[in-house]
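Colleague: Quick one: this structure, given as C-alpha cells, is what I'll be asking you about.
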Amino acid sequence: MEESRNLKYIRAKHRVQREKGFYNHLVVFILVNSGITAFKVYDNLSSWEDFTNELVSINVLSNWIVWGAILLFHFFMFRVGSQWEEKKINEYMDKELSNK
C-alpha cells in the first residue's frame, strides 16, 4: 500500500515538473520574441504604416512561427507523450508484478 502511494506521488511529481517545464517554455517564448520584435521594429516608429509593415514582415514573423512550431511540438509531447508514458509504465509494472 505504501509503495503504491509513493509511486503515485512520484508520478504526480514528474507530471507537475513536465507541466511546469512547458509553462516556463511558454513564458520565455513570449518574453524573448516580444523583445526581438520590439528590437526589430524600433527603427520603424516614424509612421504607423512603416511600423505595421515591419511588424508583419517575414523578418519579424519568422521568429514567432519557427519557435511557435517548436512550442507546439513541446505541448503535444507534454500532453500526448505523457499519456503514452503512463500507459507504458503501467504495462511494464503489470508485467513485472505478474512475473513475481
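Colleague: List every residue pair whose Cβ atoms sit under 6 Å apart, with the two residues 6 or more apart in sequence or on different chains, where the first one lies in the range 49-65 and is modelled with pLDDT of 90 or more and the second, anywhere, is assigned to a helix (DSSP H, G or I).
Modeller: Asn63/Asn33; Asn63/Ile36; Trp64/Asn33
Colleague: In the range 17-74, what residues are in a loop (DSSP other than H, G, I, E, B) and open to solvent by less than 60 Å² (accessible area, probe 1.4 Å)?
Modeller: Selection gives Ser47, Ser57.
The values are calculated or read from the model by the stated rules, or taken from the named source; none is laboratory data. Just so it is clear, the model here is predicted, and its values are computed rather than measured. Because the Cβ atoms are built from the backbone with ideal geometry, glycine has one as well, and the counts that use them run over all protein chains shown. Protein only, heavy atoms only, side chains kept; ligands, DNA and RNA dropped before computing areas. Shrake-Rupley method; radii C 1.70, N 1.55, O 1.52, S 1.80 Å.
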